[in-house]
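Notes follow once the structure below has been shown.
The values are calculated or read from the model by the stated rules, or taken from the named source; none is laboratory data. Owing to the predicted nature of the structure, the values given are computational and were not obtained by experimental measurement. Note: ideal-geometry Cβ built from the backbone for every residue, glycine included; neighbour counts use all protein chains shown. These accessible areas exclude ligands, DNA and RNA; they are computed on the full protein's heavy atoms, side chains included. Shrake-Rupley method; radii C 1.70, N 1.55, O 1.52, S 1.80 Å.
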Amino acid sequence: MRTGKQRWKRLAAMLTAACLTGAAAFPAAAAESAMDVICAPSGIVSLEDGSFLVTDTYNKVVWKVSGRTSTLYAGNGGVQDLYGEPSGGYNDGALNEGFFREPWAIAPFLDGYAVTDTENNVVRLIRCGDNKIQTATGTIQGGSADGYGLDAAFSRPTGLAADGEGNLYIADTGNNAIRRLTPTGTITTYAAGLSEPTGLCWKDGVLYVAESGANRILTITDGAVSVLAGSGAAGMADGDAMQAQMSNPQGVAAAPDGTVYVADTGNSAVRRIAGGTVTTLAAADQPGMEAFPVEPRGLMVRDGDLYVCDHFLKKIWIIPR
């Protein structure tokens, strides 16, 4: 097992000059966009060219990050509110004209990317074919209803995951359910009776769920729900997966080797599940960790690294797995 020093020797803070405080951080670079000044990263997805997309709930947009350069990919912050912050909104249109209110998660879907617009109670679609933003499903009024396209209704949808057959899984957090959107536009309830599901991840036929309200990580296989880790009691304890404790986990990611990573948001920590055991990969209160992470949310496994969206510190961290 790596020591703390070894684990963090490749630590790289990205996106803002304020991020460049960790051990062996990347050299400071000139700001390339508003994302480099202030952002609130929430969801993250990898692209084939080595870049990645990030949802930003502060600026109400989606960014594309290539190397150390971030460019606006979709959305428009709109007018400033009373506090001088971007207000966003709800509007379909061209990529630079569409508005989000709270872009939470992002996942591939159809010819582009789905984005949960949490405050607007809908799922939006970034269509790469014609460079437009449109509402894929849901209504701004919210509610709870299966159906087709805009006939369906959600309550504060958050996490997203796509399977290998083109289906999209949506954490319908306010309705304590997981919904499934097919490529033809039909919405059905995939799992119900959960407790505030948020982060989702699909890997090898299994849907991983960060069940925030119950402080657990679940797996759903062919509709059957099982507990992967977490006793259900809020706390911070490593050990046997069924006895370990978490607090309000909001993100989950699975690696090719079967290891599962958890954004243990309430504990300001990143946890690792492997071999039936939970360990702590990183936590804000560990010595020498430069206050990382405070509010981990979206996670992405790529090669030997784990990317962590720190929503509060407005950073993306890269740590070796």
To the nearest Å², the heavy-atom accessible area per residue of the stretch 136-204 with 1.4 Å probe amounts to 40
Carbon and sulfur atoms account, in whole percent of the 1.4 Å probe accessible area of the chain, for 50
Using a Gaussian network for the chain with springs between C-alpha atoms less than 10 Å apart, which of these wobbles most: Leu218, Leu160, Leu47?
-> Leu47
So what J values fall out for the stretch 246-253 if you push phi through Karplus, 6.51 cos²θ - 1.76 cosθ + 1.60 with θ = phi - 60°, rounded to Hz, Gly and Pro as x?
-> 10, 9, 6, x, 10, x, 8, 8
If packing is taken as the mean number of other Cβ atoms within 10 Å per residue, what is the order of 86-92, 101-107, highest first?
-> 101-107, 86-92
Tell me which residues come under 5 Å, amide H to amide H, from Arg302 once H is placed; ignore anything under 5 positions away on its chain.
-> Tyr307
For the stretch 261-321, the per residue accessible area (1.4 Å probe, Å²) is 30
How many lysine pairs in the chain, separated by 8 or more positions in sequence or lying on different chains, have Cα atoms less than 25 Å apart?
-> 11
Yeah, the chain with a ≥ b ≥ c from its alpha-carbon gyration tensor (a/c under 1.5 is rounded, else prolate when a/b outruns b/c, oblate otherwise) is oblate
Just how large is the dipole of the chain about the Cα centre, in debye to the nearest 20, putting +1 at every Lys and Arg Cβ and -1 at every Asp and Glu Cβ?
-> 740
Amide H of Gly88: which non-local residues (sequence gap of 5 or more, or other chain) have their own amide H closer than 5 Å, using H built in the peptide plane?
-> Gly78, Val79
Amide H neighbours of Asn215 at under 5 Å, excluding residues fewer than 5 places away on the same chain, with H built from the backbone geometry, are Asn248
